[in-house]
Amino acid sequence: MHLIAQLPVSRRRFAGISFSVANLAQATKLIITAAVETRTGGLDIHLLNAYSLALAERSDTFRACLVEASDNFPDGKPLSWLTKLSKAPLKQVRGPSLFERVLDEGREQGVRHLLLGSTPETLALLEASLVSRYPGLHIVGSISPPFRNLSADDYETQDDEIASCRPHIVWVGLGTPKQDFEAQRLARQGDFLAIAVGAAFDFSAGTKKEAPPWMAHIGVEWIYRFGSEPKRLWRRYLVGNFVFLYSAVRRRG
């Protein structure tokens, strides 16, 4: 079930994966509308960039996760650039911006949010920051999973805690691709939206600095991130970008 079942937004395929053609405002409205409606079953939503598509090119399991997703939004300028001259160009929907905007605009509808991921310290900073900036925001829970492979008992305990909080949206910040698999799993367990949102927790909590707005605007935000964590990110950008371009050409349409 795709979010466009609720609102008229077109879809297109890129690198073999289906995306909604929506800008930030439209994506926000789609998510809030889907969050508060009555449904049977959950929805998993993914914010995909060049790195995500590069991973999907090398992992059939990850590709299947994205192909089967309830919805995908393009979180990266390269996806917009490579579709700019097509009949349905993709529009960038930045994960951190979508996170903040849904939190803000969802207050009017009483949207209930749960935060899943990161460390207890970051989650505490994040929740304090969000509540101070968005009065009336409903954060009904925050969970920091153990930094190891979870057992069946771990998942059962976590799922029970989420169910008891009755969220409309579970924001999943566990890093790609772990967060995408978890969003898919969670959506199959409940009747909420599970959104894989990347580094939004760290940016909103202030534990990591975002690139200057001008760099994000012209699509070179990755250079700032690479410069801040070169040892961790060099393979993602220097190798992943070539794999992304290969996938975009190989899987046209």
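The values are calculated or read from the model by the stated rules, or taken from the named source; none is laboratory data. Just so it is clear, the structure is predicted and the values come from calculations on it, not from any experiment. A quick note on method: Cβ atoms are made from the backbone with ideal geometry, for glycine too, and the neighbour counts reach across all protein chains shown. These area figures cover heavy atoms from the full protein model, side chains too; ligands, DNA and RNA do not enter into them. Shrake-Rupley method; radii C 1.70, N 1.55, O 1.52, S 1.80 Å.
With Cα atoms defining each centre, region 161-190 and region 20-38 are spaced 17 Å apart in the structure.
Charged neighbours of A34, selected by a Cβ distance under 13 Å, balance to -2 (K, R count +1; D, E count -1).
Between R58 and D160, 0.36 nm times their residue separation minus their Cα-Cα distance comes to what? Write down the numbers at each step before the final one.
Details: separation 102, 0.36 × 102 = 36.72 nm, distance 3.38 nm.
Value of the extension gain: 33.3 nm.
For region 29-164, a/c is not less than 1.5, where a ≥ b ≥ c are the root eigenvalues of the C-alpha gyration tensor, and a/b does not top b/c. That puts it in the oblate class.
The residues packed around S204, meaning those with a beta-carbon under 13 Å from its beta-carbon, carry a net charge of 0 if Lys and Arg are +1 and Asp and Glu are -1.
Ignoring lysines fewer than eight residues from K209 along the same chain, the ones with Cα atoms less than 22 angstrom from its Cα are K77, K231.
If the chain linking K84 and D153 were pulled fully straight, counting 0.36 nm for each residue of separation and taking away their Cα-Cα distance, it would gain 20.1 nm. Ranked by solvent-accessible area (1.4 Å probe, protein heavy atoms only, all chains present), the residues R13, R39, R107, R166 order from largest to smallest as R166, R13, R107, R39.
Ranked from largest to smallest solvent-accessible area, with a 1.4 Å probe on the protein heavy atoms, T176, T157 come out as T157, T176.
The listed residues T28, T40, T61, once ranked by accessible area (1.4 Å probe) with the largest placed first, stand as T40, T61, T28. Per residue, region 1-83 exposes 37 Å² of accessible surface when a 1.4 Å probe is rolled over the protein heavy atoms with every protein chain present.
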